[in-house]
1. Kindly indicate whether any position in the stretch 61-81 is assigned to a helix (DSSP H, G or I), at pLDDT 90 or above, basic (Lys, Arg) and in contact with a Cys (Cβ under 9 Å, 6 or more places away or on another chain).
2. What are the residues in the stretch 1-50 that are under 13 Å from the mean Cα position of the chain (by Cα) and polar (S, T, N, Q), if any?
3. Among the numbered criteria (1) farther than 17 Å from Arg164 by Cβ; (2) hydrophobic (A, V, I, L, M, F, W, C); (3) not in a helix (DSSP H, G or I), which single criterion is violated by Leu106?
4. What are the residues in the stretch 7-29 that are among the aliphatic types (A, V, I, L, M) and open to solvent by 100 Å² or more (accessible area, probe 1.4 Å), if any?
5. Just to be sure I understand the filter: pairs with C-beta atoms under 6 Å, separated by 6 or more residues or on different chains, first member in the stretch 118-143 and more than 19 Å from Asp161 (Cβ to Cβ), second member among the basic types (Lys, Arg). Which pairs pass?
6. Tell me yes or no: at least one residue of the stretch 172-180 is assigned to a helix (DSSP H, G or I) and among the small types (Gly, Ala, Ser).
7. If a residue must be over 13 Å from Leu169 (Cβ atoms), assigned to a helix (DSSP H, G or I) and open to solvent by 10 Å² or more (accessible area, probe 1.4 Å), how many such residues does the stretch 124-136 contain?
8. Find the residue count for the stretch 75-97, including only residues that are touching a Pro at 6+ places or on another chain (Cβ under 9 Å) and open to solvent by less than 40 Å² (accessible area, probe 1.4 Å).
Amino acid sequence: MKTMLIAVITAMVTTFALSRFAPRLEARSVRIKAAWAARDAFSGHLLTILSATARLENVNPDETDEPLRGRMQGECDRWASQVEESTRYLIDHAEQYVLTYPSRPLDLHGLMTGFVVAARGVWLSELPLQERARRVGALAAPVQGIFFTKKSYRVLHLADDRQRLRELLRAVNEPTPPLAPAAD
């Protein structure tokens, strides 16, 4: 009889707990999955910016002969459109991924928002293509270090990357910002 009573009480407690907490856990699971999907999209677009701007910095179609020049210009246009699309996505969807990171005490929200606005602004500027690519790539490099590198790297370089990004964000408003990739 005692075993039967324990089984009934256990079943009742389990049923109550599942009915009480399962919907909350399911709703939380949806929010967590959405946050990670937003972070993944941010990471993907950041990597696109880094790789496309590096290619644009290092390829100059004007330095090649005519048959190859047209094809290289087509590639440069394609890479520039990748940066255009990624910077547009990041600024249009910032609220989806910025708020998935903690803000205090590192001010990650301010750094991310500042990066997105500055990168889009530089990309829309009237600067030559290679200079825009250099500046946007320089802005994106410390963001990659802050948010998406291995924890062992972040422990050693987080303060440096945050400081570098702050300096670059301040320099964006200067007439000739000294945006250069950080020396390793």
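The values are calculated or read from the model by the stated rules, or taken from the named source; none is laboratory data. Being a predicted model, the structure only gives us computed values, none of them experimental. Here the Cβ is made from the backbone with ideal geometry for all residues, glycine too, and neighbour counts use every protein chain on show. The area values use the complete protein model at the heavy-atom level, side chains included, leaving out ligands, DNA and RNA. Shrake-Rupley method; radii C 1.70, N 1.55, O 1.52, S 1.80 Å.
1. No: zero hits.
2. If the condition is that a residue be under 13 Å from the mean Cα position of the chain (by Cα) and polar (S, T, N, Q), then Ser43, Thr48 are the ones that fit.
3. (1)
4. Met12, Leu18, Leu25 - these are the residues of the stretch 7-29 that are among the aliphatic types (A, V, I, L, M) and open to solvent by 100 Å² or more (accessible area, probe 1.4 Å).
5. Filtered contacts from the stretch 118-143: Trp123/Arg132.
6. Within the stretch 172-180 (the criterion being assigned to a helix (DSSP H, G or I) and among the small types (Gly, Ala, Ser)), the answer is no, since none of the residues qualifies.
7. 6
8. Residues in the stretch 75-97 being touching a Pro at 6+ places or on another chain (Cβ under 9 Å) and open to solvent by less than 40 Å² (accessible area, probe 1.4 Å): 1 in total.
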